[in-house]
Amino acid sequence: MSKEMFLQINDFKLYAKFYCENYGKPTVIMDAGYGDNSETWDSVIEDISMFTSVLIYDRAGLGKSAPSSNPRTSREMVKELKILLIESGIQPPYILVGHSFGGVNMRIYATENENEVVGLVLVDSTPEDYRERFLPTMSQDFQQVYNKQFVYECNYDEFMESLNQLKETRNKLDVPLIVLSAGRKAHYSKESQELWNEMQREILEISYNGELIIVENSNHYIQREEPDVVIQAIKKLIDMG
């Protein structure tokens, strides 16, 4: 059973879809990558909903959600998600799943609301030191394309501010963590791919109980290329509870 909702968040409405059965297990909350809406989870959502309740939503200005006048930084997005969960009546505990930029948001949510969270899955998520440490290893063409992409929700400065917020909130969590790293990224040299995997490994340091899975044959969208890996990571955290 699923239901679609438009929830009032201050002066705008967010779209969400809730797949709910009375499983008595944590609810999975899924946050998409930069510029993506909830359809990014189409390849995994039905399978996940077979063993637990799950919420997907469109961040402000994406998909079916109205734009917001608030700054488009992770801290604001996390506040909006928190209001959405309260207004929808979806109670913790939560397992948070974030892809790419969504992983930044979910890490901040987990740090600021650790008592609500019983698991965290990061799907090829953006590390906080991406700009300083990773981007310089890529070609000038790649860097130019990267810098020009910030037109869908937050701009470049807001995105980088979100990474700063991630640094500021970085904390050791008593929350089980699974990090999925895409092992075959487009346009990556062998050295860049190895650095990416290493930076994903370092994210494990935020948890007392972390596991890295390098998905060797997947590009950035692991949920589409290797959906079973994402499904099984979530199921593993559900079973741990």
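Data table
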{"read-out": "Among 55-67, 189-201, 167-179, the order from most to least packed when residues are scored by Cβ within 10 Å on average", "value": "55-67, 167-179, 189-201"}
{"read-out": "Whole-Å distance, taken between Cα centres, linking segment 89-145 and segment 158-235", "value": "8"}
{"read-out": "Selected from Ile86, Ile222, Ile203 as most flexible by GNM, with the chain as the system and alpha-carbon contacts under 10 Å", "value": "Ile86"}
{"read-out": "Probe 1.4 Å, protein heavy atoms only - accessible area per residue of segment 105-241 in square angstrom", "value": "48"}
{"read-out": "Residue among Val44, Met30, Ala60 farthest towards the positive dipole end of segment 1-115, charges placed on Cβ", "value": "Ala60"}
{"read-out": "Carbon and sulfur %, accessible surface of segment 133-174 computed with the full protein complex present, 1.4 Å", "value": "45"}
{"read-out": "Residues of segment 1-98: accessible area per residue with a 1.4 Å probe, Å²", "value": "41"}
{"read-out": "Cα-derived Rg to Rh of the chain, Kirkwood definition", "value": "0.94"}
{"read-out": "Largest-first ordering by accessible area, 1.4 Å probe, given options His220, His99, His187", "value": "His187, His220, His99"}
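The values are calculated or read from the model by the stated rules, or taken from the named source; none is laboratory data. Remember, predicted model here, so these are calculated numbers, not experimental data. All Cβ positions, even for glycine, are placed from backbone atoms using ideal geometry, and neighbour counts span all protein chains on display. These accessible areas exclude ligands, DNA and RNA; they are computed on the full protein's heavy atoms, side chains included. Shrake-Rupley method; radii C 1.70, N 1.55, O 1.52, S 1.80 Å.
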